[in-house]
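So the structure is just underneath, and the comments pick up after that.
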């Protein structure tokens, strides 16, 4: 499970660095980072990650719109939404658009890794 490929998408460089460090230390392979939705779609097509950590609040194309496009292009990709605020509308929109999980900032290292492990385990358990 630790060799899963991850794409990190957040408009804040410090958050990308924190996630990269956290996921790398846990044994995941961070294959790319993107600072916006357009770049995320390009990186998804290029690297075909197993999991995408996707910020909801970004300038231009927000996380929900990005999620819809990502899932349209690659329906099997797993996406964990990351946000600084957990309002019900965003959570419902993310789930409806195909998100596999949700993490609220400030992120907690242990909970973040548990969420990633759980989502990847569920994904890989159902594959033949």
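Working only within segment 24-34, note down all residues that are within 17 Å of residue 13 (Cβ to Cβ) and surrounded by 18 or more Cβ atoms within 10 Å (Cβ to Cβ). Please lay out each step first, then the result.
From segment 24-34, those within 17 Å of residue 13 (Cβ to Cβ) are 24, 30, 32-34; that's our starting set.
Residues satisfying the conditions are 30, 32, 33, 34.
Residues in segment 37-49 that are farther than 19 Å from residue 17 by Cα and either crowded, with 19+ Cβ neighbours inside 10 Å or touching a helix residue (DSSP H, G or I) at 6+ places or on another chain (Cβ under 7 Å) (or both): 41, 45. Residues of segment 1-23 that are out of contact with any strand residue (DSSP E or B) (no Cβ under 8 Å at 6 or more places or on another chain) and either closer than 13 Å to residue 113 by Cα or buried (at least 22 other Cβ atoms within 10 Å of the Cβ) (or both): 1, 2, 18, 21, 22. Within segment 67-110, how many residues are touching a strand residue (DSSP E or B) at 6+ places or on another chain (Cβ under 9 Å), free of Cβ contacts under 8 Å to residues at least 60 places away in the same chain and either under 23 Å from residue 20 (Cα atoms) or part of a loop (DSSP other than H, G, I, E, B) (or both)? Residues that pass the stated criteria total 20. Can you spot a residue in segment 63-83 that is surrounded by fewer than 16 Cβ atoms within 10 Å (Cβ to Cβ) and modelled with pLDDT under 90? For segment 63-83, residues surrounded by fewer than 16 Cβ atoms within 10 Å (Cβ to Cβ) and modelled with pLDDT under 90: absent. Given the criteria loosely packed, with under 15 Cβ neighbours inside 10 Å, at pLDDT below 95 and under 24 Å from residue 3 (Cβ atoms), does residue 111 qualify? The answer is yes for residue 111.
The values are calculated or read from the model by the stated rules, or taken from the named source; none is laboratory data. Everything quoted here is computed from the prediction, not taken from an experiment. Note that we place each Cβ from the backbone using ideal geometry, even for glycine, and neighbour counts take in every protein chain shown.
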